[in-house]
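What follows is one structure encoded as structure tokens, with my remarks underneath.
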Amino acid sequence: MTGTVGLVKLTSDPGSTSDALGLFLLVAAIAMLIPAAAGSGKLIPCVVLATNALGFATTGLYELTASPTWQDIAGIAGLHNLDDQLGRIEREAGVREQL
């Protein structure tokens, strides 16, 4: 996934958007929502999938529309996801406070 986005951004002009990348990101968001909607009885994985799907969807909408509003929303969604991921690092097994 990251390789695809990186390749598209590497080969395109700075500041440009890609309809193909936008469609790809929207499809990826929908694919993430399918197992999240299924539930499987585990709340945390469903929430993680749903928030990641939100980030992919908003970035995909930005790529399709080139709207600065969608760009801002996608950035906020990405920051929320980063904060969520950094908070989990502290609770990982084997991670402890250094002396």
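Things to note:
- Entry note, the stretch 17-89: relative contact order of 35 percent, from Cα contacts under 8 Å with a spacing of 6+ residues.
- Per-residue Karplus couplings for the stretch 10-26, computed as 6.51 cos²θ - 1.76 cosθ + 1.60 with θ equal to phi - 60°, are listed in order as 5, 8, 9, 5, x, x, 7, 10, 10, 5, 5, 5, x, 5, 4, 5, 5 Hz, Gly and Pro entered as x.
- Residue-by-residue Karplus 3J(HN,Hα) for the stretch 56-71, coefficients 6.51, -1.76, 1.60, Hz, glycine and proline x: 5, 5, 5, 5, x, 5, 4, 4, 6, 9, 6, 7, x, 5, 5, 5
Rule-based calculations on the coordinates, nothing more; no lab input. As the structure is a prediction and not an experimental result, all values here were calculated from the model.
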